[in-house]
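Here is the structure we will look at, set down as structure tokens.
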Amino acid sequence: MTKNILAVAFLAVAFASCSNDDDNTPAEPIQTETVSNLYAPQTGGQGEAVGGEFAKFDFETGAITTSDTDWDLAFRGTTIAINGGAETGTADEPVRNGDAGVAIVTGTLASITTADGLSFNQDADAAFAIPTGSDNGWYNYAGPPSHVITPIPGKIFVIRTTEGNYAKVEIISYYENAPAEPDAFADATPYFTFNYVYNPNIGETSFE
Amino acid sequence: MRFQLTTCLLLIGSYFTIAQTRVENPTDSILAQQLDEVIVTATRTERQLSSLPLPVTLVGKKQIIKSGSVRLNEILNEQTGIITVADESGFQGVQIQGIASDYILILIDGVPLVGRSAGNFDLSRLTVGNIKQIEVVKGPSSSLYGSEALGGVINIITEKPKTEALTGNASYRIGSFSQQDINLDVKQAFKKFRYGFFANRFSSNGYDLNEDVEGNTVNPFTNYTLNGRLYYDFKDNLSLFASGRFYDQNQDAGFTLDSIQYQGDTKEQEWNAHTRLDHKWTPNLTMAYELYYTNYIATELLADPISTAILSDSDFNQKLFRPEVRGSYTFSSENNTETTGFQNGTLTAGIGLQLDELDRTYFDKTVNFSSQYAYAQYDFDPIENLNVIAGARFDNHSEYNNQFSPKLALRYQLNDNLSIKGSIGYGFKAPDFRQLYFDFTNSAVGYTILGYNVALDKLKELEEQDQILNVVVTEDDLSKPLGAESSIGYNLGFNLKHGRGNTEVNFFRNDFKNLIDTRIIARKTNGQNVFSYVNFDEIYTTGFEINSAYKLSNDLNISAGYQLLYAFDKQKKQDIKDNQVFVRDPNNGQTIALSQTDYFGLVNRSRHNANFKIYYDIPTAKTNLNIRLLYRSKYAQFDTNGNGLIDNYDSSFIDDFVTVNAAASKTFYNNFTLQVGANNLLDYTDNNIPTMPGIQGYLKLNYQF
């Protein structure tokens, strides 16, 4: 992580020094962050109707928000909504009033260098842009005996935010404090831990 | 009274005569001399084991008795390349050449047994008390046996009475965990009439591997096996065989969940009725007319004794009826001097009808399958020292595509000591009832599994109930019939006699396609999925097996066996090559593309399996001592890191382990045998192998009459 920050800082300095001459609004450095233990409970489940407020996240501030408009991703249980497109029809979901989108890419977080050329999907009636279910969207459910939910390694979500910025996200864990080998019976859920890289310069697709 | 006394005296008299003339064979060699044994499974005709062009494992009665095995799984697990293992469903089955239990056919006297749990046939259902021998043919045998015979066929052969005197044995065995095994076996043969009766009671108090988890690992159970067999010779060339078998098991199924002590039982019952008329029309033509019926019933009822709330109530009732007619004709030239050439061979052919029926919980109604089949096989020596068996079978089935299963096998005797053999065959497994008719919704989690044939209708029902968010497959996807799973198996090996020893080597490869797995077909409004079955997986298993037996002296036999196995999913292998599979390194949290060398292969497969056995007879003391070492290298039980396959980063590996079994028996007063033994002498246990308790000692007394 330290290495990453140094690299980013170095790139940022290098970039800044190049563009200083012809641009009077210097580019902001790319942000590499980790969000830990984003708590996203849901009610119901286990055969009952699912409900409860989504926990919304805004890349611009890098924090959870209660705003009805300034959010990009929203979490509830294993479901992830994006602020773009239309409501899916599930109970208590937030209104989609932005134009955010997501492209699901296979690779490591570092290997995705740009959002150029990707096609972005949005939530729609009866369909989340990040599909729900095991081995389908972002996680695998192991079933008995371990019952562990594991983020599928190599699934990277490239996000176009409501403000028109780009971010790339890798979900690390669904369990509190992101244990390396979670115990579905002992470790608490749903606590999202994810790494992301965010380009704060509007419209810039590069992550380098 | 006088008559009875006379009869008694006569019986006793003849008994002594027999006892005195009985040839003692204390130097029985079970390992090195097997090659002269005759087996029937590979060709459906009697064939000398050593002359067969197919890989076969034969386990004889003496080996079973000396090893102190009581259930079929125990003795088979000691054979090279045959492994018993529990899959992710928790049920135990047998694996041959890396092929799972779903694809291995189990027969008794040539007729199939039914009743599987999640595809696994539980071999511990079968007692070995009245077995003459166990024949295992490895590789696809669908050319003779049809569905399920992809990985191999296990055929249990019962003993035919031979002597006019009443013979048999009664035994009692007690072991750890209050395990008790009681056997009574009686046989007698008159001029035209023979009969055999067998009864077994087996019980255990169960055991607990993990004190931290409430309840037992294995609950107490008791089971009974009864088998009666009749043989009647109408004429020299016409004889009848009839066998009835009954199995009944009751196991305590009580357990504690959320501090409620649920009580109940799991019951299993099995009936088999098998009759066969053997007719020798001419010295060259024999025919068999066979009728077979079997019924397997399993029920479970679990309830809270206080509130009487029912936790689980399931039924499973499967029936199979199978008439078959088969014949064997040996072509021979007029002067009988020539035995080679295409014109001098044995043609074996049969036709049959199979009716299957299953009624179970989570099925709307009783479902029926029917199939008709015909097979033919020609066994001949085109030139001296070369044996060829070519055969094929055609199955016409009510629920899936017709299957044509050919097979070709060759064996060439290079010299007195060396022979090579090779075979190629096709195997298939029909989609089972569950894959076609299941209708199950998990009440705790809320997901639904639908059998392929009912998926469309059930989906519509769920849609009408507003339970479906969206359907992710097209109607077209669910309209084409589900295909049979199939494989092509290749075996190539040689047999080498060297002095007092014998070594067999066999290389194998099995390519599977159309394997049936579940996939998501729709999403539910409760956030869960609807699953159904689809043909998509392609896997292969490959490796080799080597068995070496050496007769150090007349009384000392040693043997060693080893199997190397690679078992992979072809698609996943390609995905890894294409850098599409990733893994999160648990040490530094970095995600990296999985390297090809880190793909471990399919679940429950060990790369290495080995065994080493010593059987030692001391004829002067009428004693036999033996020790058997079994080694299994590490294997993984399930994916733990979310990438959908087993790689070296997964944490569900069971480390390699050795089990040691030993037994000693001594015969005294001619008729009594006392056996002392222990399985798993090293006391190896793992909480993740619930089917293996620690060290199990036992003491057995057998009376032979």
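Bear in mind that the values in this text are calculations on the coordinates, not laboratory data. Since the model is a prediction, treat every value here as computed from it, not as a measurement. Heads up, the Cβs are rebuilt from the backbone with ideal geometry, glycines too, and the neighbour counts pull from every protein chain shown.
Within region B:173-200, what residues put their amide N at less than 20 Å from the label point 7 Å along the Cα-to-Cβ vector of B:Lys160? Correct set: B:186-198. Full extension of the chain segment joining B:Val473 with B:Ala242 gains 78.1 nm, where the gain is 0.36 nm per residue of separation less the Cα-Cα distance. Just to check I understand the Karplus step: with θ = phi - 60° and J = 6.51 cos²θ - 1.76 cosθ + 1.60, what whole-Hz values come out for region B:58-65, glycine and proline as x? Going residue by residue, I get 10, 10, x, 4, 5, 5, 4, 5 Hz, with x marking Gly and Pro. With 22 Å as the limit on Cα-Cα distance, the pairs of A:Lys168/B:Lys572; B:Lys61/B:Lys700; B:Lys407/B:Lys613 that go past it are A:Lys168/B:Lys572; B:Lys407/B:Lys613.
Over all alpha-carbon pairs in chain B, figure out the percentage whose distance exceeds 52 Å. Don't skip to the end; give the middle numbers.
Working: 29332 of 248160 pairs.
Here the long-distance tail beyond 52 Å is 12 percent of all Cα pairs in chain B.
Based on C-alpha pairs under 8 angstrom that are at least 6 apart in sequence, chain B has a relative contact order of 11 percent. Each of A:Glu33, B:Glu148 was scored by other Cβ atoms within 10 Å of its Cβ. Arranged with the fewest first, they read A:Glu33, B:Glu148.
Overall, the ratio between the Cα radius of gyration of region B:506-595 and 2.2 N^0.38 Å, rounded to two decimals, is 1.81.
What does DSSP give for chain A in terms of the percent of beta bridges that are antiparallel, rounded to the nearest 5?
Values: 43 of 44 bridges.
Taking every DSSP beta bridge with both residues in chain A, the antiparallel ones total about 100 percent.
Sequence-ordered 3J(HN,Hα) estimates for region B:545-554 from the Karplus curve with 6.51, -1.76 and 1.60 and θ = phi - 60° stand at 10, 9, 10, 10, 10, 9, 9, 5, 8, 4 Hz, glycine and proline given as x. With neighbours defined as other Cβ atoms within 10 Å of a residue's Cβ, the residues B:Ile618, B:Ile468, A:Ile64, A:Ile171 order from fewest to most as B:Ile618, A:Ile64, B:Ile468, A:Ile171.
Given in Å, the Rg to one decimal and the Dmax to the nearest whole number for the Cα atoms of region A:34-199 are 15.0, 44.
Annotation: amide H-H contacts under 5 Å for B:Asp109 (H modelled 1.01 Å from N, sequence separation of 5 or more, or interchain): B:Ile156, B:Ile157, B:Thr158.
DSSP assigns beta bridges within the protein assembly as shown; of those with both partners inside it, close to 95 percent run antiparallel. Relative contact order of region B:231-337: 23 percent, from C-alpha pairs under 8 Å at least 6 residues apart in sequence.
Is any helix in chain B, taking whole DSSP H runs, at least 18 angstrom long along its axis by alpha carbon and on average at least -0.5 on the Kyte-Doolittle scale, and which ones? Don't skip to the answer; put the middle values down first.
Numbers: long enough: B:2-21 (28 Å, 0.86).
Span-like helices, by this rule, are B:2-21.
Roughly what % of Cα-Cα distances in the protein assembly as shown sit above 38 Å, to the whole percent? Kindly include the intermediate steps, with their values, before the conclusion.
Details: 218702 of 416328 pairs.
Considering the protein assembly as shown, 53 percent of its Cα-Cα pairs are separated by more than 38 Å.
Here the Debye sum runs over all C-alpha atoms of region B:326-394 as equal scatterers in vacuum, and log10 of I(q)/I(0) at q = 0.11, 0.18, 0.20, 0.21 Å⁻¹ comes out as -0.46, -0.75, -0.83, -0.88. Among B:382-392, A:158-168, the peptide with the highest mean count of other Cβ atoms within 10 Å heads the list, and the full ranking is A:158-168, B:382-392. The B:Asn687 and B:Asn401 beta-carbon pair, evaluated with R₀ = 41 Å, returns a calculated FRET efficiency of approximately 0.40.
Quickly estimate the mean residue ellipticity at 222 nm for chain B, helices only: each DSSP H run with n ≥ 4 gives -39500 (n - 2.57), and the total goes over all residues, rounded to 500. Can you show the working numbers first?
Working: 7 runs with 59 residues, N = 705.
Using -39500 (n - 2.57) per qualifying helix, the result is -2500 deg cm²/dmol.
Straight Cα distances below 22 angstrom link B:Lys460 to the lysines B:Lys365, B:Lys480, B:Lys524, with same-chain residues fewer than 8 positions distant left out. In whole percents, the pair-distance distribution calculated for region B:164-268 from its alpha-carbon pairs, binned every 5 Å from zero, is 3, 10, 15, 15, 13, 10, 9, 7, 6, 5, 3, 2, 1, 0.
Have a look at the DSSP beta bridges in chain B and tell me what percent are antiparallel, nearest 5.
Details: 302 of 310 bridges.
Looking only at bridges with both residues in chain B, the antiparallel portion is about 95 percent.
Excluding same-chain neighbours fewer than eight residues apart, the aspartates and glutamates reachable from B:Lys497 by a Cα-Cα span under 12 Å are B:Asp416.
Calculated on the Cα set of region B:579-704, radius of gyration then Dmax: 22.0, 72 Å.
The C-alpha radius of gyration of region B:373-458, expressed as a fraction of 2.2 N^0.38 Å, stands at 1.84. Label zone (A:Ile104, point 7 Å along Cα-to-C-beta; backbone nitrogen cut-off 18 Å) within region A:51-88: A:73-86, A:88.
Here A:Glu33 and B:Asp313 are evaluated by their C-beta separation; at R0 = 45 Å the FRET efficiency comes out at 0.30.
Exposure proxy for B:Phe321, B:Phe121: other Cβ atoms within 10 Å of each Cβ, ordered fewest to most, give B:Phe321, B:Phe121.
Database remark: amide H of B:Val472 closer than 5 angstrom to the amide H of B:Ala522, B:Arg523 (H placed geometrically; neighbours at sequence offset of 5 or more, or on other chains; Pro and chain starts carry no H).
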